[in-house]
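Here is the structure we will look at.
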Amino acid sequence: AAPLLVAIDGPAGSGKSSVSRAAAERLGFGILDTGAAYRSLAWAAVETSADLDDSAAVGAILDVWTYAITLRGQQRVTVELGDGVVHDVTAAIRAHDVSGLVSRVSKHPEVRERLNEMFRRIVAESGLPGVVIEGRDITTVVAPDAPVRVLMTASPEVRAQRRAGELDGLTHAQVLADIEARDAKDAQVVDFFTPAPGVTLVDTSNLNFAQSVEAVVEIVRAAQ
Ligand code: C5P
């Protein structure tokens, strides 16, 4: 049987990634972090000195690469660029400089279409009872027919606070400025602030981590 799909969108720092991961674990589902693929693509473009603003150059990486991500347990992301060398990029794709570059590869519609195909294939071949897919356009573009669709939000201040805890050496103001700049760029491509029809809004501004996980688990259980 095809896995039960749980689509979760939201901006950076909404809790989306950590909450999705914990909810997936509670449900015995896999978790597909789609941002990791966009991050890996930006990493690969830098690695091969490709022009991130050139959609054909970014597409050429997709022609040759083998991308792999674990759906259960600790996340591991690997990229092979056609030369047989497997790079473990799990840590590298979280670096601050990569985060600042991803919007430049994620803005190309052709690139998004090809990654969306890859996401659907990864899910279909997962062999799992369910998969939580999280990103920016999952509820609207990647899996608009998913039985469970959630938009997770939080106020910019709360999001910056959460992110500042993860990033060393940056002030709250710097993190807030980074988040707002990245959201503004990403929002030119997909609107991930307004829930599409049928999408459940979960605002985590006033929820702690456990409460946020519980909210998602309850929505999924109600749909099962
Ligand atoms: O979720 P995360 O912060 O890892 O996403 C990194 C970047 O990847 C985003 O800023 C955005 O540019 C891009 N992205 C996207 N569509 C997705 C997931 C991520 O454009 N579904």
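The values are calculated or read from the model by the stated rules, or taken from the named source; none is laboratory data. Since we're looking at a predicted model, the values are computed, not measured. FYI the Cβ positions are ideal-geometry reconstructions off the backbone, even for glycines, and counts take in every protein chain you see.
Side notes on the structure shown:
- Of all residues in the range 175-196 being within 14 Å of the ligand (Cβ to nearest atom), more than 14 Å from the chain's Cα centre (by Cα) and closer than 12 Å to GLY13 by Cβ, the one that is surrounded by the fewest Cβ atoms within 10 Å (Cβ to Cβ): GLU180
This table checks each residue for (1) within 16 Å of the ligand (Cβ to nearest atom); (2) part of a helix (DSSP H, G or I).
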position	(1), (2)
ALA60	no, yes
ASP63	no, yes
VAL79	yes, no
HIS87	no, no
VAL105	yes, yes
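Residue-by-condition table, conditions (1) surrounded by fewer than 19 Cβ atoms within 10 Å (Cβ to Cβ); (2) hydrophobic (A, V, I, L, M, F, W, C); (3) in contact (Cβ under 8 Å) with a residue 40 or more places away in the chain:
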position: ALA45; (1), (2), (3): no, yes, yes
position: ASP53; (1), (2), (3): yes, no, yes
position: VAL58; (1), (2), (3): no, yes, yes
position: LEU71; (1), (2), (3): no, yes, yes
position: GLN75; (1), (2), (3): yes, no, yes
position: MET118; (1), (2), (3): yes, yes, yes
position: ALA124; (1), (2), (3): yes, yes, yes
position: ASP137; (1), (2), (3): no, no, yes
position: VAL141; (1), (2), (3): yes, yes, yes
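- Residue match in the range 6-16 (condition: of a type outside the set (Phe, Trp, Tyr), at pLDDT below 95, in a helix (DSSP H, G or I) and out of contact with any helix residue (DSSP H, G or I) (no Cβ under 6 Å at 6 or more places or on another chain)): yes
- Any chance GLY165 is surrounded by 13 or more Cβ atoms within 10 Å (Cβ to Cβ) and either within 30 Å of ALA68 (Cβ to Cβ) or aromatic (Phe, Trp, Tyr) (or both): no
- SER49 vs. criteria within 11 Å of the ligand (Cβ to nearest atom) and not in a strand (DSSP E or B): no
- Meets criteria (in contact with a strand residue (DSSP E or B) (Cβ under 7 Å, 6 or more places away or on another chain), within 13 Å of the ligand (Cβ to nearest atom) and not hydrophobic (A, V, I, L, M, F, W, C)) for GLU113: no
- Annotation note: Cβ proximity below 6 Å between a residue of the range 87-99 that is surrounded by fewer than 17 Cβ atoms within 10 Å (Cβ to Cβ) and a residue that is basic (Lys, Arg) (sequence gap 6+ or interchain) occurs for THR90/ARG76.
- Candidates SER99, SER20: the one that is at pLDDT below 95 and within 11 Å of the ligand (Cβ to nearest atom) is SER99.
- Residue count for the range 144-159, restricted to those that are in a loop (DSSP other than H, G, I, E, B) and either hydroxyl-bearing (Ser, Thr, Tyr) or buried (at least 23 other Cβ atoms within 10 Å of the Cβ) (or both): 2.
- Scanning the range 89-101 for residues that are over 26 Å from ALA124 (Cα atoms) and either among the charged types (D, E, K, R) or not in a loop (DSSP other than H, G, I, E, B) (or both) turns up ALA92, ARG94, HIS96, ASP97, VAL98, SER99, GLY100, LEU101.
- Scanning the range 13-28 for residues that are of a type outside the set (Asp, Glu) and either surrounded by fewer than 24 Cβ atoms within 10 Å (Cβ to Cβ) or in contact with an Asp or Glu (Cβ under 8 Å, 6 or more places away or on another chain) (or both) turns up LYS16, SER17, SER18, SER20, ARG21, ALA22, ARG26, LEU27, GLY28.
- Residues of the range 160-215 that are at pLDDT below 85 and in a loop (DSSP other than H, G, I, E, B): LEU167, ASP168, GLY169, LEU170, THR171, ASP191, PHE192, PHE193.
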